[in-house]
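Report on the structure given below.
The values are calculated or read from the model by the stated rules, or taken from the named source; none is laboratory data. If you're wondering where the values come from, they're calculated on a predicted model, not measured in any experiment. Cβ placement follows ideal geometry from the backbone for every residue including glycine, while neighbour counts extend to all protein chains displayed. Keep in mind that these areas ignore ligands, DNA and RNA; they rest on the heavy atoms of the full protein, side chains included. Shrake-Rupley method; radii C 1.70, N 1.55, O 1.52, S 1.80 Å.
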Amino acid sequence: MIKLKYSHIKSITAADLDALMPALREADDKIRNKNGEGADFTGWIDLPVNYDKAEFARIKAAARRIRENSDVLLVIGIGGSYLGARAVIELLYSSYYNQLRKDRPEIYFIGNSFSGDELAKVLSLCDGKRVSVNVISKSGTTTESAIAFRIVRSYLEKRYGREELKKRIYATTDKQKGALKAFADREGYECFVIPDDIGGRFSVLTAVGLLPIAVSGADIDALMAGAAACREHLLQAGLQNEAYTYARLRNAFLKKGRMVEVLASYDPSFRYMGEWFKQLFGESEGKDKKGIFPASVIFSTDLHSLGQYIQDGSPILFETVCRQAVPSEKTVIPNDDENIDNLNFLTGETLENVNDKAFLGTLLAHADGGTESIIVEYADKSEYAVGELIYFFFLACAASGYMLGVNPFNQPGVEAYKKNMFALLGKPGFEDKKAELEERLKTFDK
Ligand code: PA5
């Protein structure tokens with residue numbers, strides 16, 4: 001089970017946490033009774049126990065087929081439509097998954113930027129390999145992924161022909177709305193559903209995350225079981241549960257002017273969990289001129305870049321360190337008779353223990369500098385433990401957002417850049433906006 005450690009934190013008192021109990025009680029009521037702002041998007045709460053078992057079986061069957069008939073899976077999606085799958089696959093197998101899992105398809109995540117350079121490079125990696133595609137978009141209209149899908153189709157149609165290609169494309173989208181659904185139905189792609197009541201950033205335990213994760217060979221039953229066990233534990237524990245306490249700690253830090261949360265891990269495989277976390281909390285809380293700005297770092301790597309700021313910079317930060325209770329590997333440091341590097345005091349020591357001391361040393365140093373750390377501990381790198389961690393952050397995020405006084409389940413701010421981009425690209429219907437923006441751009445440096 002996820003453990004939360006914070007007794008070492010000096011700047012937040014028991015009184016500070018108690019003062020947040022009324023707000024937490026209200027948040028808990030909105031979550032349990034699904035009667036708060038954005039209640040239509042709380043399907044993730046019970047998903048680990050009431051997911052569609054028939055669709056789950058179809059996901060596993062499709063994953064088996066892709067593993068058998070493909071060397072590469074292209075996952076097209078952006079934001080909530082790719083971050084969770086990438087985070088889980090990399091945490092389980094490291095960022096070297098494509099090189100290490102020789103018996104599985106390589107998995108590439110595309111359609112999450114407008115970079116033609118990136119897309120061309122990934123397509124060049126597909127040359128001569130058997131390719132399947134999982135295109136993921138809840139709205140079915142997101143421009144980054146829609147353009148990438150068009151380019152990928154054009155590339156693959158030349159190789160497979162339209163009929164054969166239809167058997168290699170899997171669409172994960174709304175059950176009836178959106179351009180992707182219409183297109184998929186017309187072409188006869190196999191479709192998976194993103195439930196109406198689950199928003200993108202809460203969707204990793206739906207087909208959105210599950211199909212790519214299952215293709216990687218990970219055990220999605222165990223992932224769901226971990227999430228279900230965490231749900232059961234947290235909801236039964238009530239207001240004192242670990243996710244709610246984490247939510248209170250975050251809000252207590254914010255009240256003391258700590259408006260940036262740095263999510264830290266000492267494991268490079270956690271990098272995309274950090275990206276997933278930033279989207280989850282950033283889109284859920286950052287609105288109505290409120291919210292904690294979520295950042296993420298990998299230590300000790302980033303102790304040699306952002307470490308200086310965290311130690312000594314503006315006093316606006318707090319840290320949340322995610323730790324694996326039991327390290328996966330034991331790498332022993334060998335003796336060197338010459339000892340020119342003066343490291344023989346570490347002979348026989350494991351790198352994992354060195355990492356642990358780096359963690360403890362940093363925790364103390366950052367506290368001395370005024371940046372205190374919450375510790376979130378997960379058991380290991382099993383699918384079960386990752387499922388627990390995901391559910392822990394979901395519940396904490398919903399509670400924290402409600403405590404802050406925002407609707408944690410909408411993202412109105414995401415539309416602003418899209419409207420401007422469409423206008424500047426000359427999309428029909430945006431003519432007035434185009435003229436207005438072009439006028440404004442005249443004042444910019446050429
Ligand atoms: O959390 C969200 O809702 C967003 O980040 C979406 O996941 C992202 O914008 C992609 O949207 P869609 O799945 O509709 O293509």
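Within the range 63-81, the set of residues being more than 16 Å from the ligand (Cβ to nearest atom), over 17 Å from E190 (Cα atoms) and outside any strand (DSSP E or B) comprises D71 only. Only one entry in R25, R58 is within 30 Å of N98 (Cα to Cα) and open to solvent by 40 Å² or more (accessible area, probe 1.4 Å), namely R58. For the range 137-160, the set of residues classified as among the aromatic types (F, W, Y) and without any contact (Cβ under 8 Å) to a residue 40 or more places away in the chain consists of Y155, Y160, listed by residue number. Answer yes or no as to whether E157 is assigned to a helix (DSSP H, G or I) and under 22 Å from the mean Cα position of the chain (by Cα). Taking the combined requirement at face value, the residue does not satisfy it. Scanning the range 131-150 for residues that are more than 11 Å from the ligand (Cβ to nearest atom) and surrounded by fewer than 17 Cβ atoms within 10 Å (Cβ to Cβ), we see that the one that is farthest from the chain's Cα centre (by Cα) is R150. Per the listing D52, D103, the residue uniquely open to solvent by 50 Å² or more (accessible area, probe 1.4 Å), touching a residue at least 24 places away in the same chain (Cβ under 8 Å) and out of contact with any strand residue (DSSP E or B) (no Cβ under 9 Å at 6 or more places or on another chain) is D103.
Restricting attention to the range 264-322 and to residues that are outside any helix (DSSP H, G or I) and within 16 Å of the ligand (Cβ to nearest atom), the residue that is surrounded by the most Cβ atoms within 10 Å (Cβ to Cβ) turns out to be P294. Summed over the range 170-201, the residues that are open to solvent by less than 40 Å² (accessible area, probe 1.4 Å), within 16 Å of the ligand (Cβ to nearest atom) and not in a loop (DSSP other than H, G, I, E, B) give a count of 11. So, in the range 64-80, of the ones that are more than 16 Å from V204 (Cα to Cα) and not charged (D, E, K, R), which residue ends up surrounded by the most Cβ atoms within 10 Å (Cβ to Cβ)? Only one residue tops the list, namely L74.
For the range 1-20, the tally of residues that are out of contact with any helix residue (DSSP H, G or I) (no Cβ under 7 Å at 6 or more places or on another chain), in a helix (DSSP H, G or I) and surrounded by 14 or more Cβ atoms within 10 Å (Cβ to Cβ) stands at 1. For I333, the stated conditions hold: it is over 26 Å from S7 (Cα atoms), among the β-branched types (V, I, T), in contact with a strand residue (DSSP E or B) (Cβ under 9 Å, 6 or more places away or on another chain) and surrounded by fewer than 20 Cβ atoms within 10 Å (Cβ to Cβ).
Which residues, taken from the range 40-62, are away from the ligand (no atom under 16 Å from the Cβ) and acidic (D, E)? Hits for the range 40-62 are D46, D52, E55. Across the range 368-388, the qualifying residues are those that are assigned to a strand (DSSP E or B) and among the hydrophobic types (A, V, I, L, M, F, W, C), and the one among them that is nearest to Y309 (Cα to Cα) is I374.
Could you go through the range 83-96 and let me know if any residue there is under 16 Å from the mean Cα position of the chain (by Cα), within 16 Å of the ligand (Cβ to nearest atom) and either over 21 Å from A171 (Cβ atoms) or part of a loop (DSSP other than H, G, I, E, B) (or both). Checked against the condition, which is being under 16 Å from the mean Cα position of the chain (by Cα), within 16 Å of the ligand (Cβ to nearest atom) and either over 21 Å from A171 (Cβ atoms) or part of a loop (DSSP other than H, G, I, E, B) (or both), the range 83-96 yields at least one hit.
Looking at K446, K418, K433, just one residue is closer than 30 Å to G43 by Cβ, open to solvent by 30 Å² or more (accessible area, probe 1.4 Å) and of a type outside the set (S, T, Y), and that residue is K418.
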